[in-house]
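*Asks:* Supplied in structure tokens, the structure appears directly below.
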Amino acid sequence: MKPFLYELAETLYKTHRPLDALTVIFPNRRAVLYFRKHLSTFLDRPAFAPRLITIEDFISGLTELKVPDKLELIHRLFKTYNDLLRKNLESEGEPFDKFYFWGDMLLSDFDEVDKYMVNPGQLFQDLSHQKELDSSFDYLTDEQREFLRNFWGGFEENLTENKRKFLEVWNQLFKLYTQFKQTLLAEGFAYEGMLHRTVAETISDATTQRVKGQTLVFAGFNALTKAEEVIISFFVDKGLATVYWDLDEYYVNDTKQEAGKFFREYQQHPVLEKTFQKDIPSNFTGTPASDTGAAQAKSIRIFGAAQPVGQAKAMAQVLREELLKGIDPEDTLIVLPDEKLLLPVLHGLSNDVEKLNITMGFPVSSTPLYNLVELLVEMQIGARHDQFNHRQVLALLGHPYVVAADAAVANAKRKEILGNNWVHVSKNFLASSVALHRLIFKTAEDDIIHYLHDIVMEIGVMPTVTAFDKEYAFHFLKLLNRMQDVMGAEGEPPSAEADDTVITAQPGRTKQKALKSFLRLFRQLIQAYKIPFTGEPLKGLQVMGVLETRNLDYKNVFILSLNEGAFPSSGSKGSYIPYNIRKAYGLPTVEHQDAMYAYLFYRVLQRAENIFLFYNAETDVLGQGEMSRYLQQLLYESGLTLEKKILHNPVQPTPITPITVEKNESVMQMLARLSEGNSMFRGISPSALNTYIECRLRFYFRHVAKIREADAVEEDLDARVLGNFLHDVMEHFYKRLREQKQSKAVEASDFDAAPRIIDQLIDQVFIDSYGLDPTKPVEYEGQRLVVREVVKRFAHRIVEMDKAYAPFVMEGVEQEGMVHKVNIDRAPGYVLLSGKIDRVDRKDDVLRVIDYKTGKDKLDFESVASLFVRDGRRNKAAFQTLVYALLYRSNTPMVGLKIVPGLINRMNLFDEDFKFGLRVGKDYVTDVEPLLPEFEQQLKIMLEELFDIEVPFDQTTDHELCRNCPYQGICYR
């Protein structure tokens, strides 16, 4: 089957000589390349080629106006808009980063208004108070007038605040449109639609001088704008041009097929109707073979696969099979309606295809350099004086480019930040001899673009990065330079119309606010920016987007993402012009887009022989994304024989089986080391015993296998961190008191300066915990402020109660080194217990063993035996405090003393009738001695179980205990 461009080249070669007297105009540049290739096959000697151009280049050649890039056009529109607001609405306007989104939308609307040659004065007219459309709209059909009445009628009935705001802006759009065009014309500029309209409205016999001596051929067009229609019709009517349509009778002659909508309209056009040939080709349903006269049927296979990546994998597998059968990669096309599938497709094809040509652009937002730039700006936004937030710093130190600059330096700094728990990291600490690190970890001062430019430039010349990375850097530099050119021009005043992305000391505008504006703008700009792939466009297997397939024909066609919302796309293009008004004035609507995409779908298939269509067989959670309507049409309307397969991989989740760790000799050796009592292993702590009772497997992971949670800076001040702060403050307070008095005795007068000292100690604890500069005052904000107040309140209440309890003797604060030996009947024969006791004080014959708690720990427990049950309802805090009491008794002479263990927590600390101690049932423990024999016996039973080689480490049966377990990712509980 001959491709359309081959047939066109053959026809023009036979009918037009000399060839250089021809100008052939195509919808896109790729068609130019393929036409030139086909035309060369007919030449047997060198010849001058015809002029081959796109429709945009052709129309641009008919005027002196120039089209700037989109960024500059939107920036100029932004200036015009703010001028208009200040003049008509007495408003100061808005910054460019907030304007960009809907400025882009307005520019697109103005572009369409001009391309479709709509009267802007009538389009942007407020008809909300007109009872009926007057004679000035007599060119509209009754249906179009009805669309307008339906839209504007709702405003008169109920003018809501949103409608009022819409009208306020709507009434300024004609002035904005007019003033914007005047500003551009004054400098010889235009946006594309404005240029097209200018040519269409001024086209005359004088225009033909620009194409004098040339025969024009318009080839492969489908949905023409009104301006294109006027221009093409003019040259056809003058006898200077011919038109070759790329179509098929299947969808042109069937009024139900939206793919032929525009062709049917042009067949009724007073000028263009004569450009249609009488017999429309019938390639879609079958091609008559020249030798036999029989129709050659297409092979169409449809594959449903789970999820987008599943389609990519299925396509790669099918393509691999077809290549083994002998299909030609040079005559094979892969169409990707969803650009996000580009990388999965390339990975799938990497081992099967030697040469690839990719027409699609690669999104810059998917590059690692984009992620780096985001982190850099976010770090500058969060900078405080000469410090940066740990989140961005750690992310940057782990970024591939920063690691590539010097991995040893990056890893060492990460380790030190995590080890010191620095929430804010000093710029001086981050200073490095590594060039990239030095550029990154500095304050951006007043020019964020210059800061980013230097960093990207350094990445581009690093010998350790790949050619891809250097390509990314090149395109980022182009974008940054363009932003600087358009928005950072010298002499632009620092006002509402000046750009906020260049960080300057504007009144009322902070540096952080300006940086946030820059980041918003940068993210918007980058979404439309793509890196083009370079290669040999006429060789290798082709990978294209939908629009790039126009006029191109391949024998083997693979199309992915044939789901609603992808092909056709969702039609979510933003516009300030409502649907009814668009419909009334003939501007493109969703129906227009559907007809265009339907044509592109059928066109790429009409001359193909082997067709492979892929769709996602799984809809999303809302039931959206079902099979594309085009596939449905093929299945039920085409009459073609299709083969359909659903590639189904049944999801069978791995059952969550219980995890059990048997105690082999290696495990038993590690267990024995826990109680050796040397410098590394100081015995088993009360918290470790609590862990064993709750979940034997968690005990194994944490204390035997030594599986630790990943290091992280603790910025979130949770209950555990709050408790540590309180412990540290009280430890410093009493140790300072002991050093000052050189005595353990505590008097009531010792607490007179306590409030001031407590405040100082809280500052010191924050400085020590977060590595803050001790020469500078601590800044409290956010969670820090809350935690300071909570710790302050707890500490003040504790010293207030201690003052009332004084005089007493402070026997120990955060006391370590106490060990208790429990003999067991199994190897190794004994187990050492150890712990750090928060506080021990003595008054008269009562020795209090105190544990500070900031949680909701209860004071009572049913019995000693209840502290060892594994049902989740045991009192862990009471168990821990009894272990502390046992440790203290074992290491200190207790002649004539009673040990009273207890908690000071938020459940009892602020009670007016506060009473210290634990309760067994309803009775307070006034002496722990009667409880300890049973407690030691229970401990011995538990420890013998721990060292029993027959008892494995298994999971708890209480799933509530798994909620906050750090090993959930292992157990999948």
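The values are calculated or read from the model by the stated rules, or taken from the named source; none is laboratory data. Source: prediction; values computed, not measured. All Cβ positions, glycine included, derive from the backbone under ideal geometry; neighbour counts span all protein chains shown.
*Asks:* Output the number of the condition that residue 446 fails; it satisfies all remaining conditions of (1) under 30 Å from residue 773 (Cβ atoms); (2) assigned to a helix (DSSP H, G or I).
*Replies:* (2)
*Asks:* With the checklist (1) at pLDDT below 90; (2) polar (S, T, N, Q); (3) surrounded by fewer than 15 Cβ atoms within 10 Å (Cβ to Cβ) in hand, flag the one item residue 357 doesn't pass.
*Replies:* (3) is the only condition that residue 357 fails.
*Asks:* Limited to the stretch 939-973, what total is found for residues that are polar (S, T, N, Q) and surrounded by fewer than 16 Cβ atoms within 10 Å (Cβ to Cβ)?
*Replies:* Going residue by residue through the stretch 939-973, those that are polar (S, T, N, Q) are 955-957, 964, 968.
Filter once more, keeping what is surrounded by fewer than 16 Cβ atoms within 10 Å (Cβ to Cβ): 957, 964, 968.
The qualifying residues number 3.
*Asks:* Something else now. Which of the residues spanning the stretch 330-376 are closer than 22 Å to residue 603 by Cβ and more than 31 Å from the chain's Cα centre (by Cα)?
*Replies:* 330, 331, 332
*Asks:* Is the stretch 529-540 home to any residue that is outside the structural domain of residue 35 (by TED's automatic domain parsing), modelled with pLDDT of 85 or more and buried (at least 21 other Cβ atoms within 10 Å of the Cβ)?
*Replies:* So far as the stretch 529-540 goes, no, none of its residues is outside the structural domain of residue 35 (by TED's automatic domain parsing), modelled with pLDDT of 85 or more and buried (at least 21 other Cβ atoms within 10 Å of the Cβ).
*Asks:* Here's something else I'd like to know. Please specify each residue of the stretch 838-863 satisfying the condition of being touching a residue at least 40 places away in the same chain (Cβ under 8 Å), assigned to a strand (DSSP E or B) and either touching a Ser or Thr at 6+ places or on another chain (Cβ under 9 Å) or among the basic types (Lys, Arg) (or both).
*Replies:* Of the stretch 838-863, the ones touching a residue at least 40 places away in the same chain (Cβ under 8 Å) are 838-842, 845-863.
When the remaining residues are screened for being assigned to a strand (DSSP E or B), the result is 838-842, 846-852, 860-861.
The answer is 839, 840, 842, 846, 847, 848, 849, 850, 851.
*Asks:* Consider only pairs whose beta carbons are under 7 Å apart and that are at least six residues apart or on different chains; among these, list those whose first residue lies in the stretch 871-883 and is within 15 Å of residue 836 (Cβ to Cβ) and assigned by TED's automatic domain parsing to the domain that holds residue 929 and whose second residue is surrounded by fewer than 19 Cβ atoms within 10 Å (Cβ to Cβ) and modelled with pLDDT of 90 or more.
*Replies:* That search, which allows pairs on different chains as well, returns 880/687; 880/690.
*Asks:* Only residues that are within 23 Å of residue 866 (Cβ to Cβ) and not aliphatic (A, V, I, L, M): list them for the stretch 938-953, please.
*Replies:* Scanning the stretch 938-953 gives 938, 940, 944, 945, 948.
*Asks:* Failed condition for residue 761, given (1) touching a residue at least 60 places away in the same chain (Cβ under 8 Å); (2) touching a helix residue (DSSP H, G or I) at 6+ places or on another chain (Cβ under 7 Å), with all others met?
*Replies:* (1)
*Asks:* Another one. Does residue 866 qualify as being among the hydroxyl-bearing types (Ser, Thr, Tyr), surrounded by fewer than 19 Cβ atoms within 10 Å (Cβ to Cβ) and farther than 26 Å from residue 731 by Cα? Lay out the reasoning, then the answer.
*Replies:* Values: among the hydroxyl-bearing types (Ser, Thr, Tyr): yes; surrounded by fewer than 19 Cβ atoms within 10 Å (Cβ to Cβ): yes; farther than 26 Å from residue 731 by Cα: yes.
Against the criterion (among the hydroxyl-bearing types (Ser, Thr, Tyr), surrounded by fewer than 19 Cβ atoms within 10 Å (Cβ to Cβ) and farther than 26 Å from residue 731 by Cα), residue 866 qualifies.
*Asks:* Here's another thing I want to ask about it. Cβ-Cβ under 7 Å, sequence separation 6+ or interchain: first residue in the stretch 561-580 and without any contact (Cβ under 8 Å) to a residue 40 or more places away in the chain, partner among the small types (Gly, Ala, Ser) and not in a loop (DSSP other than H, G, I, E, B). Which pairs?
*Replies:* Listed by first residue and then by second, the contacts come to nothing, as the list is empty.
*Asks:* Next question. Being on the phi < 0 side of the Ramachandran plot and assigned to a loop (DSSP other than H, G, I, E, B) is the requirement here; does residue 774 meet it?
*Replies:* On the way: on the phi < 0 side of the Ramachandran plot: yes; assigned to a loop (DSSP other than H, G, I, E, B): yes.
It is true that residue 774 is on the phi < 0 side of the Ramachandran plot and assigned to a loop (DSSP other than H, G, I, E, B).
*Asks:* Let me ask you something else. If a residue must be closer than 22 Å to residue 330 by Cβ and not acidic (Asp, Glu), how many such residues does the stretch 1-59 contain?
*Replies:* Going residue by residue through the stretch 1-59, those that are closer than 22 Å to residue 330 by Cβ are 1-10, 26, 28-43, 52.
Of the ones still in play, those that are also not acidic (Asp, Glu) are 1-6, 8-9, 26, 28-43, 52.
Of the residues in the stretch 1-59, 26 are closer than 22 Å to residue 330 by Cβ and not acidic (Asp, Glu).
*Asks:* In the set 227, 312, 241, which member is more than 25 Å from residue 609 (Cα to Cα), crowded, with 21+ Cβ neighbours inside 10 Å and touching a Leu at 6+ places or on another chain (Cβ under 7 Å)? Working first, answer last.
*Replies:* Working: 227 fails: touching a Leu at 6+ places or on another chain (Cβ under 7 Å); 312 fails: more than 25 Å from residue 609 (Cα to Cα).
Within the list 227, 312, 241, the selection yields 241.
*Asks:* Moving on. Which of the following residues is of a type in the set (A, V, I, L, M, F, W, C), assigned to a strand (DSSP E or B) and within 22 Å of residue 906 (Cα to Cα): 791, 787, 813?
*Replies:* Values: 791 fails: assigned to a strand (DSSP E or B); 787 fails: assigned to a strand (DSSP E or B).
Matching residue, one of 791, 787, 813: 813.
*Asks:* Given the criteria more than 49 Å from the chain's Cα centre (by Cα) and charged (D, E, K, R), does residue 842 qualify?
*Replies:* In short, yes.
*Asks:* Sticking with this structure for a sec: Can you tell me which residue in the stretch 657-694 is modelled with the highest pLDDT, limited to those that are part of a loop (DSSP other than H, G, I, E, B) and touching a Leu at 6+ places or on another chain (Cβ under 7 Å)? Before you say what the answer is, go through the steps one by one.
*Replies:* Initial filter on the stretch 657-694 (part of a loop (DSSP other than H, G, I, E, B)): 657-659, 662-664, 675-683, 685.
Subsequent filtering for residues that are touching a Leu at 6+ places or on another chain (Cβ under 7 Å) retains 659, 675, 677, 681, 683.
Details: 659: 91, 675: 75, 677: 54, 681: 46, 683: 84.
Here the answer is 659.
*Asks:* Is one or more of the residues making up the stretch 17-30 assigned to a helix (DSSP H, G or I) and either of a type in the set (S, T, N, Q) or crowded, with 20+ Cβ neighbours inside 10 Å (or both)?
*Replies:* The first filter runs over the stretch 17-30 and keeps only residues assigned to a helix (DSSP H, G or I), leaving 19-21, 29-30.
Of the ones still in play, those that are also either of a type in the set (S, T, N, Q) or crowded, with 20+ Cβ neighbours inside 10 Å (or both) are 30.
Yes, the stretch 17-30 contains at least one residue that is assigned to a helix (DSSP H, G or I) and either of a type in the set (S, T, N, Q) or crowded, with 20+ Cβ neighbours inside 10 Å (or both).
*Asks:* Test of understanding: among 242, 332, which residue is touching a helix residue (DSSP H, G or I) at 6+ places or on another chain (Cβ under 9 Å) and outside the structural domain of residue 545 (by TED's automatic domain parsing)?
*Replies:* Working: 332 fails: outside the structural domain of residue 545 (by TED's automatic domain parsing).
Among 242, 332, only 242 is touching a helix residue (DSSP H, G or I) at 6+ places or on another chain (Cβ under 9 Å) and outside the structural domain of residue 545 (by TED's automatic domain parsing).
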